[in-house]
Amino acid sequence: MDEQGLPQGFEAPAGDDTGPAAGMISQYVKDLSFENPNAPAIYQAQTAPGIDVQFNISAAQVGEEVHELTLKIEVRAESEGKTAFIVDLSYAGLFGFRNVPADQIQPFMLGEAPRLLFPFARRVLADAVRDGGFPPLMLEPIDFAQLYLQQAEAQGGAQPNTPETGHA
C-alpha cells in the first residue's frame, strides 16, 4: 500500500471524474388518453377484443448534457366490429450524459433508454385499461436494442437517424 492507501501500481484519480456516465434523471407521463366510446354496450360483447399495438420512439436534446426520450404507445381494441377502447400513452424520461462520445448517445437513447422506461409505461397502460373496465393489458417485453440494430443494418450499417416505429 502506498501513502494514499491504494495498492502498489494504482494512482488516485486526479481532478474531475472524466469517465463516461449516462443515467436516468426522471421519468413521467407526458400524455395519456383513454377512450371507451361504446360503453356500456361493449361490455356485453361475447368475443374477446382484437388488440392492435403501435409504438414509436423519439429522442431530443433538451439541455447541454440532457436528452428526453418519449415512448409513445397506441392501443386499439375492437370487438364485434366496434371499438372497445383506445389508449394513447406518451411516457418520457430525461437522461443525463457526461463525457459520452456524441456517436454513442443515439444508440443509448434508441436502444437502452426505452428498455429502462418500458416497464413503467406498461404498468401505466395496464392500469388505464383496467380502470376503463377491461382486464389489464400486459404487453410483452420488447427488445429495443435489437430493433435499433436491425434498423441500423437495414440502413446499410449506418446508425439510423429516424425514430423507431414498430408493431407488437
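For segment 118-140, a tally of residues being at pLDDT below 95, surrounded by fewer than 13 Cβ atoms within 10 Å (Cβ to Cβ) and either of a type in the set (D, E, K, R) or under 13 Å from PHE34 (Cα atoms) (or both) returns 1.
Enumerate the strands (runs of 3 or more DSSP E) found wholly within segment 18-102, keeping only those where 2 or more residues are in contact with a Pro (Cβ under 6 Å, 6 or more places away or on another chain) and either open to solvent by less than 40 Å² (accessible area, probe 1.4 Å) or of a type in the set (A, V, I, L, M, F, W, C) (or both). Don't jump to the end; show me each part of the working.
Values: elements: 21-35, 50-61, 66-79, 82-98.
The qualifying strands (runs of 3 or more DSSP E) are 66-79, 82-98.
If you go through segment 120-158 and keep only what is of a type outside the set (A, V, I, L, M), more than 20 Å from ASP52 (Cβ to Cβ) and touching a Leu at 6+ places or on another chain (Cβ under 9 Å), you end up with TYR148, GLN151.
Answer yes or no as to whether ARG123 is free of Cβ contacts under 8 Å to residues at least 24 places away in the same chain and either outside any loop (DSSP other than H, G, I, E, B) or of a type in the set (D, E, K, R) (or both). Spelling it out, ARG123 is indeed free of Cβ contacts under 8 Å to residues at least 24 places away in the same chain and either outside any loop (DSSP other than H, G, I, E, B) or of a type in the set (D, E, K, R) (or both).
The values are calculated or read from the model by the stated rules, or taken from the named source; none is laboratory data. Treat the numbers as computed from the prediction; the structure is a model and nothing was measured. Glycine also receives a Cβ, built like all others from the backbone with ideal geometry; neighbour counts cover every protein chain displayed. For accessibility, only protein heavy atoms count, side chains too; no ligands or nucleic acids. Shrake-Rupley method; radii C 1.70, N 1.55, O 1.52, S 1.80 Å.
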